[in-house]
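Novice: What follows is a single structure, and I will ask about it in a moment.
Read-outs: derived from the displayed coordinates by stated rules, not from any lab. In this text, all values refer to a predicted model and were calculated from it rather than measured experimentally. Because the Cβ atoms are built from the backbone with ideal geometry, glycine has one as well, and the counts that use them run over all protein chains shown.
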Amino acid sequence: MKEQFIIKGGLSLKGEIEVRGAKNSTFPIIAATLLTREPCVINNFPLIEDTLKMLDILEEIGAEIKWLGKRRVQIICKKIDPLKIPVETVNKFRGSILLIGPLLSRFKKVKIPFPGGCLIGARPIDTHTDAFSQKGVEVSEKRGKYSFSFSSLKKDKVVLREFSVTATENLLLFASLQKDKTVIEIADQDYPNQELAQVLNKMGASIKAVNSHSFEIKGKKRLKGFNHTISSDPIETGTFITAALITNGEVVIKKANLSFLTLFLKRLKDFGADFKIIDNQTIKVFPSGKLKMNKIQSLPYPGISTDLQPGLGVLATQNQGTTLIHDPLYEGRLKYLEQLNKMGADIIFCDPHRAIINGPTPLTGIELPSMDLRGGAALLMAGMAAKGKTIIHDIYQVDRGYEKIEERLSCLGADIKRVCL
């Protein structure tokens, strides 16, 4: 069933909103349950499209899933059959790539279809395959499926080709069930990996960050179950902060995750944003008028997350002067800017990774596609700032990362309706 958002713009957000559990932390923590036969309990579970799909995959390969409350789920992976991995579901989202590490470590071989996800540019898994190859894993690809297998492992050090969140996660998961020591260099240490390391340590592995971009793992042949509460989502926190600024609103954001937004908040303050950090889980955003933004660059942690860049791009259309947007990570991440131009923005593309936004420009509501998760959320924010009515199609993309976002923003005074076609 197809759905769309209908937005009447021009209203300032006002009120209080709570942040849900972190989507990107939940994926690898669900995958970690495959490393043990004991019960695992996940609290503050985000009820969104992608995390529920991940549970569906585990259930199809034999996991026992039991809901203990609205956001509390128990997973038991006693009888798992990797041969039952559902091709169609795996093809739909990128998070399924995290099945490789735990299933390979537990069964010594696994076949997995090419994982899907957002259309934000080329997203090969060569960093994953290269990393596993360094450990002595045999990797092959045939007819859209990857095969991984090993009989013995070599080398205690793996050097990743790039700062990859999911490749780091896959290696953490894999190495935790192997008794030998593994060091991952050029590792990503953003919030999903730090939280995954906490969970794996609860299970009995020994994982520590040995410097700003390395992990040292001492695994065990047998891991325990765990009980863990997912941290609040820093990306959702940043999204609500940006939405308040775009609509010149006054919003209190509770259960916020600010510890991974240091540079994001610093740059907003540089641009002239008015906000107050009340405590380590609460931030209040005030009407800030027109900001003066000069450059936004997304980089691996501790830089500004690429997932927050699209919202900042919308904010830049209301900026005084010229803003350079630079996202070196994905060549398709700036596609949402093409839609903003259709709404009346003045944006010049330099190349697939850079664009110049001239502002301020009034935006006018039109019909738009939602091509990817974060771009769709950005267009939702653009619709709230635009004059007239904005219609956004393919909103399942937004549902993949935000739980009932239209209801939650409506509680702040936004005029957003979900319509079934």
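Novice: Along the positive direction of the dipole of the chain (beta-carbon charges: Lys, Arg +1; Asp, Glu -1; about the Cα centre), which of 164, 246, 184 reaches farthest?
Specialist: 184
Novice: Moving to a separate point now. Given charges of +1 on the Cβ of Lys and Arg and -1 on the Cβ of Asp and Glu, with all other atoms neutral, how large is the dipole of segment 212-366 about its Cα centre, in debye to the nearest 20?
Specialist: For segment 212-366, the charge dipole is close to 680 debye.
Novice: Over the chain, with a Gaussian network built from C-alpha contacts below 10 Å, which listed residue (106, 20, 333) shows the highest mean-square fluctuation?
Specialist: Result: 106 has the largest fluctuation of those listed.
Novice: So, one more: Label point 7 Å out from residue 142 along Cα-to-Cβ: which residues of segment 77-105 have amide N under 17 Å?
Specialist: 83
Novice: Please sort through the DSSP H helices of the chain and keep those with an alpha-carbon extent of at least 15 Å along the long axis and a Kyte-Doolittle average not below 1.0.
Specialist: 165-176, 234-246, 373-385
Novice: How large is the charge dipole for segment 23-229, taken about the Cα centre, if only the Cβ atoms of Lys, Arg (+1) and Asp, Glu (-1) carry charge, to the nearest 20 debye?
Specialist: The calculation lands at about 760 debye.
Novice: Please find, in a Gaussian network model of the chain (springs between Cα atoms separated by less than 10 Å), the residue of 320, 309, 397 whose mean-square fluctuation is greatest.
Specialist: 320
Novice: Search the structure for amide H atoms under 5 Å from the amide H of residue 304, placed 1.01 Å from N in the peptide plane, and list their residues when 5 or more places away or on another chain.
Specialist: Sorted by chain and number, the residues that satisfy this are 299.
Novice: Can I ask one more? With labels modelled as points extended 7 Å from the Cα through the Cβ direction, what inter-label distance (nm, one decimal) is found for residue 263 paired with residue 418?
Specialist: Each label point is offset 7 Å from its Cα along the Cβ direction, giving 3.4 nm.
Novice: Taking N as the number of residues in the chain, what is its alpha-carbon radius of gyration divided by 2.2 N^0.38 Å?
Specialist: 0.98
Novice: Related question: Based on the Cβ-Cβ distance of residue 297 and residue 185, what FRET efficiency does E = 1/(1 + (r/R0)^6) give at R0 = 22 Å, to the nearest 0.05?
Specialist: Calculated value: 0.40.
Novice: Order of 143, 418 from fewest to most other C-beta atoms within 10 Å?
Specialist: Lowest to highest Cβ neighbour count: 143, 418.
Novice: Looking only at 278, 184, 75, which one moves most when the chain is put into a Gaussian network model with springs between Cα atoms under 10 Å?
Specialist: Among 278, 184, 75, the largest GNM mean-square fluctuation belongs to 278.
Novice: Relative to 2.2 N^0.38 Å, what does the C-alpha radius of gyration of segment 23-229 come to as a ratio? Two decimals please.
Specialist: Working it through for segment 23-229, the quotient is 0.93.
Novice: Something else now. Could you calculate the contour length gain from residue 83 to residue 331, that is, 0.36 nm times the residue separation minus the distance between their Cα atoms, to one decimal place in nm?
Specialist: Roughly 85.9 nm would be gained on extension.
Novice: From the residues 219, 301, 96, which one has its Cα farthest along the dipole of the chain in the positive direction, the dipole being from +1 and -1 charges on Cβ of Lys/Arg and Asp/Glu about the Cα centre?
Specialist: Comparing the listed Cα positions along the dipole, 219 ranks first.
Novice: Quick one: putting +1 on the C-beta of Lys and Arg, -1 on the C-beta of Asp and Glu, what dipole do you get for segment 206-294 around its Cα centre, in Debye to the nearest 20?
Specialist: The dipole magnitude comes to about 540 debye.
Novice: Now a separate question. For residue 91 and residue 38 in the same chain, what is the full-extension length gain: residue separation times 0.36 nm, less their Cα-Cα distance, in nm?
Specialist: Length gained between residue 91 and residue 38: 16.2 nm.
Novice: Quick one: divide the alpha-carbon radius of gyration of segment 64-170 by 2.2 N^0.38 Å and tell me what you get.
Specialist: 1.15
Novice: With a sphere of radius 11 Å drawn around the Cβ of residue 49, what net charge do the other residues whose Cβ falls strictly inside it have (Lys, Arg +1; Asp, Glu -1)?
Specialist: Surrounding charge for residue 49 is 0.
Novice: Count charges around residue 379 for me, please; just the other residues with Cβ under 12 Å from its Cβ, Lys/Arg as +1, Asp/Glu as -1.
Specialist: Neighbourhood net charge equals -1.
Novice: Which lysines, if any, have their Cα less than 22 Å from the Cα of residue 155, not counting same-chain residues under 8 positions apart?
Specialist: 108, 109, 135, 179, 181, 208, 218, 220, 221
Novice: Taking segment 377-421 on its own, what percent of its Cα-Cα pair distances exceed 13 Å?
Specialist: Of all Cα-Cα pairs in segment 377-421, 55 percent lie more than 13 Å apart.
Novice: Could you please report the charge total around residue 25, scoring K, R as +1 and D, E as -1 over all other residues with beta-carbon less than 12 angstrom from its beta-carbon?
Specialist: In short, -3.
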